[in-house]
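Undergrad: Structure in structure tokens, see below.
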Amino acid sequence: MTDKPKTVIIGTDGVPFEMIEHFAQTGVMPNTARLIADGTFAKMQSSIPEVSSVAWSSMITGANPAEHGIFGFIELHPNSYRMRFPNYNDVKAPTFWDKRDGKSVIINVPSTYPVRPMNGVLISGFVSIDINKSVYPPDLVPTLQSFDYRLDVDARKAHQSMDLFLEDVEATLQGRIKAYRYLWDYCDWNTFMLVFTGTDRLLHFLWSAYEDKNHAHHAAFVDHFRKIDEVVGEIAGKLTDDDLLIMHSDHGFERLDHEVFVNYLLAENGFLQFKQDTDPALENICPDTKAFALDPARIYLNLKGKYPAGNVNPAGAETILDEIEDLFTEFQIDGRKVIRDVYRKADIYTGPYIESAPDLILVANAGFNLKGKIGADALYSKGIFTGKHTQDTAFLLIKGPHNPEKLPNPPKVSDIPAIFM
Amino acid sequence: MSSALSHLDKLENQSIFIIREAYSQFRDVAMLWSIGKDSTCLLWLVRKAFFDRIPFPCLHIDTGYKFKEIYEFRDKYAKEWNLDLLVARNEEAIAAGMGPDKSKFNCCNELKTVALKQAIAKHGFKALYLGIRRDEHGIRAKERVFSPRDEDFEWDYKNQPPELWDQYKTKAAEEEHIRVHPLLGWREIDIWEYVKRENIPTTSLYFAKNGIRFRSIGCETCCGPVASEADTIDKIVEELKTTNISERSGQAQDKESDYMMQKLRSLGYM
Ligand SMILES: [Zn+2]
């Protein structure tokens, strides 16, 4: 290991500012508390939409979606309603490790699958499928397997049994910690990034356990954060005052009151129609359709020439967008407004890929989780999930040489690379 | 078993026909030998086609990052088979320190593509034999046996009127070079059955050690092993029969999409 100053980034997927603050104050995360006392601690804006693929792509490239090209977990094939899943090959802006001198070790960043050669080590995160495409250099695969390294928590287990799920969350964390310890001394790096994603999985299924001290899984929930704090302490202990340590989340979380199905409202108001006697699926929409949504709340006009059953002429587009905007602005459930903001693509995105952006993007008020599911049987419902992402309550914690004055207020997730580049 | 043999005989005959025809048309040719199983099979067929006296060079693109087994294998058989071996290296890029740890995208380009271009320019090759197979990768699906790059029709190699060869020849003058793919119709399993039948030597990297083996080999830094217990040719053939999902095939892509959908669904993203 050389004595050059190092940059270390610890990512915690989905952890909200208030939760870090709370665990720091209540002694669950004492090491993090020390960093807060000695560093800069701020509430941070996630990307829009606030899903991991978009947020992490923005974080690692320092760019907005119209520059890096990732707008969600799902896209459609060109001139078709068939879904595809963008991955690292679709990220069109260079990552900080592409641009930075020296070696980088990058562990479990979402949206980096399948890996490609880089200067250092890259182990991809969500959604990684095949271990042989998730690890660079590939000769690390057997070593990682010997640690029982798991690419991701198997969230399907939560749908079977919370105990099985919690076991998997714990095993995944332990494998991740072993990998980080092994790779810390593996090569002479300048930048080390370790991301924990079990936090997001816990928050989706067990936000209720966080809020309720009597919940059967409250202790397990808190314990997971205690373990992460131990790693934070271990890493902080290896660094000098000249090194930079950044800890952050990609988006925040809060209690989920209602899942709200955007396509249901569009269909109820005549903007979206399916052919008679067919399953509600995008492939089956009728040419009368004016607009549809992809998860979470990205609304696309059914434009003529762009889609097989497209019928919206560019001349009529603005009127339809206004109608849809009015519909969602006024939309209420139990007397509460569901939508915080309705954006046109040009309001929030700038860059060469803006044409691929949705025409309207919705951000919800607290408690409402917007979903792009097609074929929901009600406008809103409550399922297995007890927590939901937030756009404006991610956190950023910086300890080491940096200039807090230069940080935008509030910082955005895409501002992170500028701190150390 | 007899039908398997005749299947291999048919493939062998077709390939030898293509190899001889292309040579008689172009003369200034070379074959690319990566030392992997496919191009070593091709080399075997080329030796058969010319009765062990190959009238053109074998070109090895050396990035300097190959497995040591590859270099040992190359030198041993170049000597044993009396090959006119040309080794092409982009010395300039190697001297400048180009490597996979230097710049991920540039490495392959500088060390492979540029080295190949340099060799073609230096020796004036009109055509190159390559051991690629159609089942190797989705992007190979549209490849032609005889590929002046942008031609867009299926080449029926036996019923080809001779004028067409001339057409290709004039094309060859404008284009960089013509690629000839005598193994295009072979599948991975055909290669292994042929390797076994002919007793063709292959490097030890293909055979499982400590639970992993390589299905394809190239630069040490860019090649991933797969989990496998297959430590003999028979076991490899058996493995290919039972898995039948190519690591790089379009089928595997569909499987990945299904699995991704499940993962996204389990977190409520769909
Ligand atoms: Zn999440």
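The values are calculated or read from the model by the stated rules, or taken from the named source; none is laboratory data. Just so it is clear, the model here is predicted, and its values are computed rather than measured. Quick reminder, even Gly has a Cβ in these numbers, built from the backbone with ideal geometry, and neighbours come from all protein chains shown. Heads up: the accessible areas ignore ligands, DNA and RNA and are worked out on the full protein's heavy atoms, side chains in. Shrake-Rupley method; radii C 1.70, N 1.55, O 1.52, S 1.80 Å.
Undergrad: Tell me: how much accessible area in total is hidden between B and A, 1.4 Å probe, Å², nearest 100?
TA: Details: alone 14770 and 17310 Å², together 29160 Å².
The buried area between B and A, both sides summed, comes to about 2900 Å².
Undergrad: Between B:R20 and A:L164, with labels modelled 7 Å along Cα→Cβ, what's the label distance in nm to one decimal, could you check?
TA: Roughly 6.3 nm, to one decimal.
Undergrad: Still on this structure, I have one more. Treating only the Cβ of Lys, Arg, Asp and Glu as charged (+1, +1, -1, -1), what charge dipole size does the protein assembly as shown show about its Cα centre? Round to the nearest 20 debye. Intermediate results must be reported in sequence, preceding the final value.
TA: On the way: 82 positive and 100 negative charges, 325 e Å.
So the dipole magnitude of the protein assembly as shown works out to roughly 1560 debye.
Undergrad: Still on this model: Could you give the semi-axes, largest first, of the ellipsoid that matches the protein assembly as shown, computed as the square roots of 5 times the alpha carbon gyration tensor eigenvalues and rounded to whole Å?
TA: On the way: eigenvalues 504, 206, 110 Å².
Equivalent-ellipsoid dimensions as semi-axes: 50, 32, 23 Å.
Undergrad: Would you mind getting me the FRET efficiency between A:A281 and A:D241? Use the beta-carbon distance for r and R0 = 60 Å, nearest 0.05. Could you put the intermediate results ahead of the total?
TA: On the way: r = 57 Å, r/R0 = 0.95.
FRET efficiency, A:A281 to A:D241: 0.55.
Undergrad: For the cross-link pairs A:K6/A:K99; A:K304/A:K371; A:K43/A:K103; B:K48/B:K112, which exceed 22 Å when the distance is taken from alpha carbon to alpha carbon?
TA: Values: A:K6/A:K99 16 Å; A:K304/A:K371 25 Å; A:K43/A:K103 30 Å; B:K48/B:K112 28 Å.
Over 22 Å Cα-Cα: A:K304/A:K371; A:K43/A:K103; B:K48/B:K112.
Undergrad: For the stretch A:80-138 and the stretch A:279-349, what is the separation of their Cα centres, given in Å?
TA: Result: 32 Å between the Cα centres.
Undergrad: For the pair A:K99/B:K122, report the inter-label distance in nm, with labels modelled 7 Å from Cα in the Cβ direction.
TA: It works out to 3.8 nm between the two label points.
Undergrad: Against the longest alpha carbon principal axis of chain A, how many degrees, from 0 to 90 and to the nearest 10, is the axis of helix A:218-238 turned?
TA: Value to nearest ten degrees: 50.
Undergrad: If you count only protein heavy atoms with a 1.4 Å probe, what accessible area per residue comes out for the stretch A:258-381, rounded to a whole Å²? Kindly include the intermediate steps, with their values, before the conclusion.
TA: Details: 5550 Å² over 124 residues.
Per residue, the stretch A:258-381 has an accessible area of 45 Å².
Undergrad: Using alpha-carbon positions, what is the distance between the centroids of the stretch A:361-403 and the stretch B:196-214, in Å?
TA: Measuring centre to centre over Cα atoms gives 51 Å.
Undergrad: With a point put 7 Å past each Cα toward its Cβ, work out how far B:K79 is from A:K406 in nm, to one decimal.
TA: For the pair B:K79/A:K406, the computed spacing is 5.9 nm.
Undergrad: Another one. To the nearest whole number, what is the average tally of beta carbon atoms from other chains within 10 Å of the beta carbons of peptide A:75-82? Walk me through the intermediate numbers first.
TA: Working: counts 0, 0, 0, 0, 0, 0, 0, 0.
Shielding by partners across A:75-82 averages 0.
Undergrad: Next question. Here is the link list: A:K4/B:K263; B:K76/B:K126; A:K92/A:K406; A:K4/A:K227. Which ones come out longer than 32 Å on Cα distance? Mind showing how you got there, number by number?
TA: Details: A:K4/B:K263 40 Å; B:K76/B:K126 28 Å; A:K92/A:K406 27 Å; A:K4/A:K227 29 Å.
Table pairs above 32 Å Cα-Cα are A:K4/B:K263.
Undergrad: What's the carbon and sulfur percent of chain A's accessible surface, probe 1.4 angstrom, rounded to a whole number? Working shown, then result.
TA: Values: 7540 of 15920 Å².
Reported share for carbon and sulfur atoms: 47 percent.
Undergrad: Let me know the mean shielding of B:256-265 by other chains, meaning the per-residue number of their Cβ atoms within 10 Å of its Cβ.
TA: On the way: counts 8, 4, 1, 4, 11, 5, 4, 11, 10, 4.
Mean shielding by partner chains, rounded to a whole number: 6.
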